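Quick notes on the structure that follows.
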Amino acid sequence: MAGITEAQLKLVADLEMEMMADMYNRMSTTCQKKCIPTRYKDSELTKGETVCVDRCVAKYMDIHDKIGKKLTQMSQQDEERVKQLQAQMQN
Amino acid sequence: MNSPDTQNARNMRDFLELYNKLTEMCFLKCVSNFNNIKLSKDEGSCVGVCVDRYVKYNQRLMMTFMEYQNAKQEAAIKEMEKAHAEGRTPNVPGLAAGLAASSGSEMTVAPNDTNSPGPTS
């Protein structure tokens, strides 16, 4: 995309912030489902629960990165295919 | 400023929302063991399969939806021409919604295109 204006940059930054917040919320609900039991007596988290939360976050972020790379790769492949098709149509 | 920019912004937003949804869905499906802090090979390949499947499902859904929409629009146009020729009001359910959808259409993928719903540049 040639000539990105400041307004567009701001849009992208805002969108990224919003999406990061969305990811955080999803991660929060997901790790709560996986690690925090619904029945409890104490207000303190057990050691098992804290360890689980650490690992849950690590795995979630790892998967987030992997999927990001995969989606970018798929998008690039599709863009190349479109370019090839367009080049063929012009010839 | 309006059409291509807002269209791009909408595409970008859809793509990023898909990304987040995918992460949540595939994590829920593939990860149940927290004995290790690293992802196991099984979990990694499960995520890969999960992503492929969902993207293909999404593409097919969009294609079928677009075909359906096109057929519906053509039928509506025919009905309108017919009604106009016969001098009566057209019998097209959801006409206003259809017109609004076709003028501000969010579909950037043609039925025969193999593009995945990614950001267009």
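Of the options A:Y40, A:M23, A:A58, report the single residue whose Cα projects farthest towards the positive end of the charge dipole of the stretch A:6-90 (beta-carbon charges: Lys, Arg +1; Asp, Glu -1).
Selected residue: A:Y40.
List, by residue number, every residue in the stretch B:8-38 with a reduction of 30 Å² or greater in accessible area between the chain on its own and the complete protein assembly, 1.4 Å probe.
Residues losing area: B:R13, B:F15, B:L16, B:Y19, B:N20, B:T23, B:E24, B:F27, B:L28, B:F34, B:I37.
Excluding ligands, DNA and RNA, what is the accessible area buried between chains B and A, summed over both sides, using a 1.4 Å probe, to the nearest 100 Å²?
3400 Å²
Volume per residue, Å³, of the convex hull around the alpha-carbon atoms of chain A?
Convex hull volume per residue, Cα atoms: 130 Å³.
How big is the stretch B:7-88 in terms of Cα radius of gyration and Dmax, in angstroms?
Looking at the stretch B:7-88, its Cα Rg and Dmax stand at 21.6, 74 Å.
For B:N91 and B:M63, what does the FRET efficiency come to when R0 = 41 Å and r is the distance between their Cβ atoms, rounded to the nearest 0.05?
Approximately 0.90, to the nearest 0.05.
Need one number: nm distance between label points at A:V82 and A:E16, each 7 Å from Cα along Cα→Cβ, rounded to one decimal.
2.2 nm
A:S28 versus B:N33, label points 7 Å from Cα toward the beta carbon: distance in nm?
So the label points at A:S28 and B:N33 sit 3.1 nm apart.
Filter A:K69/B:K29; A:K83/B:K41; A:K10/B:K29; A:K70/B:K38; A:K33/B:K38; A:K10/A:K69 down to the pairs with a C-alpha to C-alpha distance above 29 Å, please.
Too far apart for the 29 Å limit: A:K83/B:K41; A:K10/B:K29.
The values are calculated or read from the model by the stated rules, or taken from the named source; none is laboratory data. If you're wondering where the values come from, they're calculated on a predicted model, not measured in any experiment. As a convention, Cβ positions derive from the backbone with ideal geometry for all residues, glycine included, and neighbour counts pool all protein chains shown. For the accessible areas, the whole protein counts, side chains as well, though only heavy atoms, and no ligand, DNA or RNA atoms are used. Shrake-Rupley method; radii C 1.70, N 1.55, O 1.52, S 1.80 Å.
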